[in-house]
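One structure below.
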Ligand SMILES: *Cc1c(COP(=O)(O)O)cnc(C)c1O
């Protein structure tokens, strides 16, 4: 074919050769720990390449050795994930947290400085402020409303500007969809990068990727996912991924080999099955979210709705610019304040029937939760205030059900508040 195909057209076949698996149309689960070499010479060559003792020749495929190093279910999945973000390479992990922690550990050493956006995912926040801190890595957390000048000043004030090694951001921020400007982060990265020590910008793209935001195209170096969310999409698997250049992912795969936190073949197979419907699921979820957000906005018992789709008409000029530059959809995550406080928010949550009361997001079923006491329970009160994480805030991940049923469920529950 002359024209490059769209990722959704390739999700059923890319990277898989049926002839290598008895003609099976789908990639089987390669539930095996080790792989038989045809000859000792072949085994020697596979190890040379795997351990970087010798470069891969043009067209040479990395031989299968042992499932901690490589496995067809992971390799094919990684090739397919690359298509959405137009990445050179990808590494998949047994959880989003292991993707994030491995990336941060590979590129930072004691004495280094990390800059990150707040709020980040609770697990990431804990890893940065407990584990990395214990390792002697200092960090600066900045909020969406801080300017480039203010962040640069804070970096200079640490006296460790020359040790800035990574900027890690999550946009839009969970739960209120605050936007972090990737362009601004690229500018900060370039300002503090030197030829010996380039600053690495990583973006947790779980909320909007891999469909609606492509950070690598905007100048980021690494894209991270909790594949548990939209990529998996069925609330039945925990997994993660990291994408970027061959050189950076090569390093991450190196550490993954020694931490042993790669995904297993069964996880790889489940995610390949999920990828086949990724686009139709996410598009339907986004369409449903428009309807749900518009319904919530006009409801007399709802005081505020946080939804990216309202930015073009309600956002500040800066938010409108970031939205235009970074996103191709308004996504399917909504947060809203019920009039009243925790009591009213809990009444709503306890009376939902179709929508399940659970954390996590991006799955086929709609999920609702209370950030203030659940996902963001350990965020300091001062930060909660600054980030609008109020006692009356409810977060909704919109699923693929009929939007009329989702709205009817919210309607009957709000009627009881
Ligand atoms: C869920 C989530 C994670 C953690 O992923 P796990 O798969 O649960 O380890 C990281 N970042 C974001 C934005 C998430 O929503």
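The values are calculated or read from the model by the stated rules, or taken from the named source; none is laboratory data. For clarity, every value in this text was computed on a predicted model and none was experimentally measured. When we count neighbours, we look across all protein chains shown, and the Cβ atoms used for this are built from the backbone with ideal geometry, even at glycine.
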Report, ordered by the first and then the second residue, all pairs with beta carbons closer than 6 Å, sequence separation of six or more or different chains, a first member in region 234-253 that is under 14 Å from residue 77 (Cβ atoms) and free of Cβ contacts under 8 Å to residues at least 40 places away in the same chain, and a second member that is within 14 Å of the ligand (Cβ to nearest atom) and in a helix (DSSP H, G or I). 237/267; 237/270
Against the condition surrounded by 15 or more Cβ atoms within 10 Å (Cβ to Cβ), in contact (Cβ under 8 Å) with a residue 12 or more places away in the chain and not in a helix (DSSP H, G or I), how does residue 413 come out, does it pass? no
Yes/no for residue 155 being under 13 Å from residue 168 (Cβ atoms) and either in the same structural domain as residue 189 (by TED's automatic domain parsing) or surrounded by 13 or more Cβ atoms within 10 Å (Cβ to Cβ) (or both): no
Hey, among 206, 176, which residue is touching a strand residue (DSSP E or B) at 6+ places or on another chain (Cβ under 8 Å), in a loop (DSSP other than H, G, I, E, B), within 16 Å of the ligand (Cβ to nearest atom) and at pLDDT below 95? 176
Given (1) crowded, with 21+ Cβ neighbours inside 10 Å; (2) within 14 Å of the ligand (Cβ to nearest atom), identify the lone condition not met by residue 201. (2)
crowded, with 21+ Cβ neighbours inside 10 Å, assigned by TED's automatic domain parsing to the domain that holds residue 197 and within 16 Å of the ligand (Cβ to nearest atom): is that true of residue 127 in this structure? no
For region 246-262, state whether one or more residues are within 13 Å of residue 84 (Cβ to Cβ) and not in a helix (DSSP H, G or I). no
Selection count, region 234-251, where residues are crowded, with 24+ Cβ neighbours inside 10 Å and within 16 Å of the ligand (Cβ to nearest atom): 5
With region 1-94 as the region, which helices (runs of 4 or more DSSP H) entirely inside it contain at least 2 residues that are modelled with pLDDT of 95 or more, crowded, with 17+ Cβ neighbours inside 10 Å and not assigned by TED's automatic domain parsing to the domain that holds residue 211? 7-10
Single residue of 268, 254, 260 found to be within 15 Å of the ligand (Cβ to nearest atom) and either touching a helix residue (DSSP H, G or I) at 6+ places or on another chain (Cβ under 8 Å) or assigned by TED's automatic domain parsing to the domain that holds residue 147 (or both): 268
Residue that is surrounded by the fewest Cβ atoms within 10 Å (Cβ to Cβ), among those in region 271-304 that are in contact with a strand residue (DSSP E or B) (Cβ under 7 Å, 6 or more places away or on another chain) and over 18 Å from residue 355 (Cα atoms): 303
Consider region 181-198. How many of its residues are assigned to a loop (DSSP other than H, G, I, E, B) and surrounded by 24 or more Cβ atoms within 10 Å (Cβ to Cβ)? 0
Counting only residues in region 210-230 that are more than 10 Å from the ligand (Cβ to nearest atom) and under 17 Å from residue 276 (Cα atoms), the one surrounded by the most Cβ atoms within 10 Å (Cβ to Cβ) is identified as 210
Index of the failed condition, residue 104 passing every other in (1) assigned to a helix (DSSP H, G or I); (2) away from the ligand (no atom under 15 Å from the Cβ); (3) in contact with a helix residue (DSSP H, G or I) (Cβ under 9 Å, 6 or more places away or on another chain): (2)
Hey, any hits in region 186-197 for a residue that's touching a strand residue (DSSP E or B) at 6+ places or on another chain (Cβ under 8 Å) and within 14 Å of the ligand (Cβ to nearest atom)? no
